[in-house]
Amino acid sequence: MKAITVNPPDAGVTIKHVNYRKNGVKIKILENGICGTDREIVNGELNSAALPYKYNYLILGHEAIGTIMEDRVIFKKGDIVMPVNRRGCGRCLNCLNGRPDFCETGNFIEAGIKGMQGFMSEYIYDDENYLIKVPEDIKDMAILAQPLSDLEKSLDEIINIQKRMIWTCSDNTFHCRKALVIGTGTIGILFSLLLRTYGFDVTIANKRYASENELKIFNLADIRYYNSMNGYSFGENTFDLIIEASGSDANVISETIGFIKNNGILGLFGFIKRGDLTVSRYVLQNIVYKSIVIAGLINGQKPHFEMAINHLIQWKHLFPGIEKLLITDSIKIDDENKIINALTKKAGGEIKIKILWH
Ligand code: BGC
Ligand code: ZN
Ligand code: ZN
């Protein structure tokens, strides 16, 4: 079957025929999403990328929807499903209880990233327990459920951490809480939409003017845009929550940490690519004095995929037309040059690009 393959730690990507199959239900892939992690692997920049045991290639891809090809126990032929991308180490308590996002050994595997064949192939085979049902009427934007699952997990984690005190407002919602999201990539935008869904007041920032497409999204969801081209002019103690989703320079943390209010939280999502962080003792003392938490946020699991699907259904109604604004391009699998290009370099104005298999 046709598959998009890579050879970590080497850079490069190939579309070729492979003879890969494993036990489990057969799923015909309908669409894949392209993510920054795919590009890091293709460009040989992701240290954690690893070939599956005994293979000399890695099928790329961790965002997919597909059609079930045969009746099984949970799913029937024709059902549309999305596979969960990280699988447990089989040893630690968190993995044994469905939470490989908190794997204790670090020996988890990830489809298309680390030690497990990915989903950019004509067919995949999988255990039904790792599949999430996709309702037909959100099929056009369902591919977003995988990146969104990472954020569902992240927000769930943030809310759990903040249960250390009273973080809900006097009406028991999050409406009085202010969030700053740094970065307007897929993650920054989806995180902002999710925070709005929970009622947070949201400002999203990037070091440039927002595009017309982005402004449409921000208007739909009442998200404030902040151009940080000339730095940030927020006062000390402005935000209850800051999400770093730019993956750019470590500097961004020293530039913004002072804006966090007492008892606030800084969530780091994705990987900072440049620079180092020097934290002065003044800042360290403030972290203590203000009871600030800094949390690393990564990977959603099955419950978070389910939450993501539910939120996508909700967004279709809350933010009419959002699917067309979020899916910025779709490339047919036969257009190999365009696919290889898209897997190598992020396009201008891109939010989510899909690969269409059928
Ligand atoms: C995926 C996550 C994964 C992470 C680290 C991201 O692109 O969406 O689910 O855990 O990469 O490999
Ligand atoms: Zn990803
Ligand atoms: Zn584990």
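Figures for the structure shown
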{"quantity": "The listed residue being without any contact (Cβ under 8 Å) to a residue 40 or more places away in the chain and within 30 Å of residue 333 (Cβ to Cβ), out of 119, 174, 102, 108", "calculated": "108"}
{"quantity": "Pair list, Cβ under 9 Å, 6 or more apart: segment 40-52 residue in contact (Cβ under 8 Å) with a residue 12 or more places away in the chain and aromatic (Phe, Trp, Tyr), other residue part of a helix (DSSP H, G or I) and away from ligand 2 (no atom under 12 Å from the Cβ)", "calculated": "none"}
{"quantity": "Segment 120-174, subset aliphatic (A, V, I, L, M) and under 15 Å from the mean Cα position of the chain (by Cα), residue farthest from residue 16 (Cα to Cα)", "calculated": "155"}
{"quantity": "Residue 232 being surrounded by 15 or more Cβ atoms within 10 Å (Cβ to Cβ), of a type in the set (Phe, Trp, Tyr) and closer than 20 Å to residue 190 by Cα", "calculated": "no"}
{"quantity": "Condition check for residue 232: assigned to a loop (DSSP other than H, G, I, E, B) and either among the hydroxyl-bearing types (Ser, Thr, Tyr) or over 27 Å from residue 273 (Cα atoms) (or both)", "calculated": "yes"}
{"quantity": "Residues that are assigned to a strand (DSSP E or B) and under 19 Å from the mean Cα position of the chain (by Cα), drawn from segment 67-85", "calculated": "81, 82, 83"}
{"quantity": "Positions within segment 7-59 being within 14 Å of ligand 1 (Cβ to nearest atom) and either assigned by TED's automatic domain parsing to the domain that holds residue 273 or outside any loop (DSSP other than H, G, I, E, B) (or both), in sequence order", "calculated": "32, 33, 34, 36, 37, 38, 39, 40, 41, 42, 50, 58"}
{"quantity": "Residue match in segment 104-118 (condition: more than 16 Å from ligand 3 (Cβ to nearest atom) and not small (Gly, Ala, Ser))", "calculated": "yes"}
{"quantity": "Test: residue in segment 84-95 that is of a type outside the set (Val, Ile, Thr) and touching a residue at least 60 places away in the same chain (Cβ under 8 Å)", "calculated": "yes"}
{"quantity": "Residue within segment 309-321 that is farther than 25 Å from residue 213 by Cα and without any contact (Cβ under 8 Å) to a residue 12 or more places away in the chain present", "calculated": "no"}
{"quantity": "Flag if residue 188 is closer than 30 Å to residue 336 by Cα and within 16 Å of ligand 3 (Cβ to nearest atom)", "calculated": "no"}
{"quantity": "Residue match in segment 106-119 (condition: aromatic (Phe, Trp, Tyr), within 16 Å of ligand 2 (Cβ to nearest atom), closer than 17 Å to residue 302 by Cβ and surrounded by 14 or more Cβ atoms within 10 Å (Cβ to Cβ))", "calculated": "yes"}
{"quantity": "Per-region count, segment 22-42, residues among the polar types (S, T, N, Q) and either in contact with a Ser or Thr (Cβ under 8 Å, 6 or more places away or on another chain) or within 17 Å of residue 245 (Cα to Cα) (or both)", "calculated": "1"}
{"quantity": "Residue in segment 120-133 that is surrounded by the fewest Cβ atoms within 10 Å (Cβ to Cβ), counting only those that are away from ligand 2 (no atom under 16 Å from the Cβ) and assigned to a loop (DSSP other than H, G, I, E, B)", "calculated": "127"}
{"quantity": "Residue within segment 25-45 that is touching a strand residue (DSSP E or B) at 6+ places or on another chain (Cβ under 9 Å), basic (Lys, Arg) and within 24 Å of residue 139 (Cα to Cα) present", "calculated": "yes"}
{"quantity": "Residue list for segment 86-115, restricted to those being among the charged types (D, E, K, R) and either near ligand 1 (Cβ under 9 Å from one of its atoms) or assigned to a helix (DSSP H, G or I) (or both)", "calculated": "86, 101, 110, 114"}
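The values are calculated or read from the model by the stated rules, or taken from the named source; none is laboratory data. Owing to the predicted nature of the structure, the values given are computational and were not obtained by experimental measurement. Quick reminder, even Gly has a Cβ in these numbers, built from the backbone with ideal geometry, and neighbours come from all protein chains shown.
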